[in-house]
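J.: First the structure, which I've put down as structure tokens, then a few questions once you've had a look.
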Amino acid sequence: MEKERYSYMDKEDKFIESVYSKRKIELVRGKGAMVFDSEGKEYIDCFNGQGVALVGHGVEEINSAVKEQMDKISVVALSFYNDLRAEFGEKLASISPKGMTQAFLANSGTEAIECAIKLSKKYTGKPGIVAMSGGFHGRSLGALSATWKPMYRKQYEPLLPEFSHAKFNDIESLKQTITEKTGAVMLELVQGEKGVVLADKEYVKELREFCTEKELLLIIDDVQAFARTGNFFSSQTYNIVPDITAIAKGMAGGIPMGACIASPEIMDAFKPGDHGTTMGGNPIACAAGTATIDYIQKNNLIEHGASMGERMLKGLKELESFDVVREARGIGAMLALEYKFKMAGVLPKIQESGVIPLTSGKRALRFLPPLCISEEQADKVIEVTKKVTEEFTQ
Ligand SMILES: *Cc1c(COP(=O)(O)O)cnc(C)c1O
């Protein structure tokens with residue numbers, strides 16, 4: 001068994017370019033909040049495919065919707081109409097922030113952001129976007145222009161002209177950063193990749209008012225936060241309506257899908273030929289998307305996930321008493337534990353104990369639990385994290 005397990009890792013290393021440093025675990029199966037490796041060891045999945053397994057693994061209702069659609073028709077280009085796509089569009093509009101009833105369908109978060117950038121340019125006639133320090137929006141050259149982290153950007157510069165960054169949570173900084181060429185402001189209300197850093201409520205309110213006053217589009221990147229903050233959209237949690245919003249990650253229960261959403265008035269800036277996609281709006285993804293939203297609604301998963309997250313945050317907050325811990329923070333099913341030191345040794349120990357978290361930088365653990373996580377599983381995540389953190393405190 002051992003020999004075979006490593007042979008697959010060797011093979012993957014040999015043939016698949018990953019650009020990620022690998023964790024030495026080979027995941028072969030998943031069910032609900034759990035994933036299983038090739039030796040049968042089980043883990044609570046708070047890595048969650050970077051948040052894609054939002055509703056958990058192996059959900060029967062989503063799987064059967066996908067299988068059914070595959071048997072019916074799996075390819076319909078956007079040049080044609082399709083029943084499942086129309087239904088998905090209606091479903092998405094029914095949960096979207098007020099008036100945001102049209103979606104451009106894509107296959108990833110980056111593509112949804114790319115669409116938002118182009119739509120903003122077309123609608124406003126201005127090339128510039130101000131994004132925020134700490135923000136992450138993807139790795140394509142357009143999305144990367146809005147992404148903040150110098151390590152991701154530097155080697156690919158020059159990026160898009162007229163893109164700049166204001167200080168997150170600082171309205172004065174934004175006021176100083178905009179120019180006459182700025183058409184939009186783009187940000188995550190909860191900065192996931194940065195380590196679950198929350199926007200202040202007052203700042204978001206001021207930001208919305210400022211954008212309206214200056215006729216700047218407000219673009220909210222909800223790719224990671226979708227359905228995790230106690231509402232489908234983080235803008236709903238913050239009580240604002242953006243102009244454009246992008247979602248992806250868990251929106252189709254694991255099938256690749258992204259969407260750029262806006263009002264028909266803004267979307268109308270796109271005329272045939274202005275943008276495009278071959279795979280976007282694929283009927284299988286649409287079937288999965290509809291089934292995922294249905295499944296979330298029928299099982300009250302947003303409320304459940306948020307309350308489990310609250311329970312976990314309470315547990316993580318108690319770890320602030322350890323002197324190695326800087327801060328525990330989070331909202332809904334997005335949580336982080338930041339240490340005062342580089343935590344290289346912490347992660348393997350937590351994994352050995354049956355929990356797989358994400359990381360943010362070298363000092364923070366990030367937890368994106370599936371919305372279906374049980375009370376018992378949530379408690380185990382905290383218990384394990386506490387035990388390992390305690391060991392590092394001594
Ligand atoms: C993951 C992520 C993206 C990029 O999405 P991909 O599906 O990886 O292309 C963009 N924005 C945010 C906030 C993300 O978390």
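The values are calculated or read from the model by the stated rules, or taken from the named source; none is laboratory data. Computed from a predicted structure; not experimentally measured. Cβ sites come from the backbone with ideal geometry, for glycine too, and all protein chains shown count toward neighbours. The area values use the complete protein model at the heavy-atom level, side chains included, leaving out ligands, DNA and RNA. Shrake-Rupley method; radii C 1.70, N 1.55, O 1.52, S 1.80 Å.
J.: Rolling a 1.4 Å sphere over the protein heavy atoms, what is the accessible area per residue of the chain, to the nearest Å²?
T.: Per-residue value: 47 Å².
J.: Leaving out ligands, DNA and RNA, and with a 1.4 Å probe, what % of the accessible surface on the chain is carbon or sulfur?
T.: Carbon and sulfur together cover 52 percent of it.
J.: Related question: Take Ser234, Ser133, Ser21 and sort them by solvent-accessible surface of the protein heavy atoms, 1.4 Å probe, largest at the top.
T.: Details: Ser234 0, Ser133 30, Ser21 115 Å².
In descending accessible area the options line up as Ser21, Ser133, Ser234.
J.: Applying the Karplus parametrisation 6.51 cos²θ - 1.76 cosθ + 1.60 with θ = phi - 60° to the phi angles of region 131-148, what ³J(HN,Hα) value in whole Hz is obtained for each residue in order, glycine and proline being reported as x?
T.: Values, residue by residue: 9, 10, 4, x, x, 10, 9, x, 10, 5, 4, x, 4, 5, 4, 8, 5, 8 Hz.
J.: Express the C-alpha Rg of region 92-179 as a ratio against the empirical globular expectation 2.2 N^0.38 Å, rounded to two decimals.
T.: Taking the Cα Rg and dividing by 2.2 N^0.38 Å, one obtains 1.17.
J.: Right, another one. How much solvent-accessible surface does Lys201 expose, in Å² to the nearest 10, with a 1.4 Å probe and all protein chains in place?
T.: 120
J.: Dipole size in debye (nearest 20) for the chain around its Cα centre, Lys and Arg Cβ +1, Asp and Glu Cβ -1?
T.: 800
J.: Now a separate question. Place the peptides 91-99, 148-156 in order of packing, highest mean first, counting for every residue the other Cβ atoms within 10 Å and averaging per peptide. Walk me through the intermediate numbers first.
T.: Values: 91-99: 16.7, 148-156: 11.7.
My ranking of the peptides, most packed first, is 91-99, 148-156.
J.: Starting from the amide H of Met132, placed 1.01 Å from N in the peptide plane, find each other amide H under 5 Å away whose residue is 5 or more places distant or on another chain.
T.: Ala166
J.: While we're looking at this one, here's another question. Can you order the peptides 123-132, 214-223, 329-338, 175-184 by their average number of other Cβ atoms within 10 Å per residue, highest first?
T.: Ranking, from highest mean packing down: 329-338, 214-223, 123-132, 175-184.
J.: Could you point to the residue in Ile356, Gln155, Ser307 farthest towards the positive end of the chain's charge dipole, with +1 and -1 charges on the Cβ of Lys/Arg and Asp/Glu respectively?
T.: The listed residue farthest towards the positive side: Gln155.
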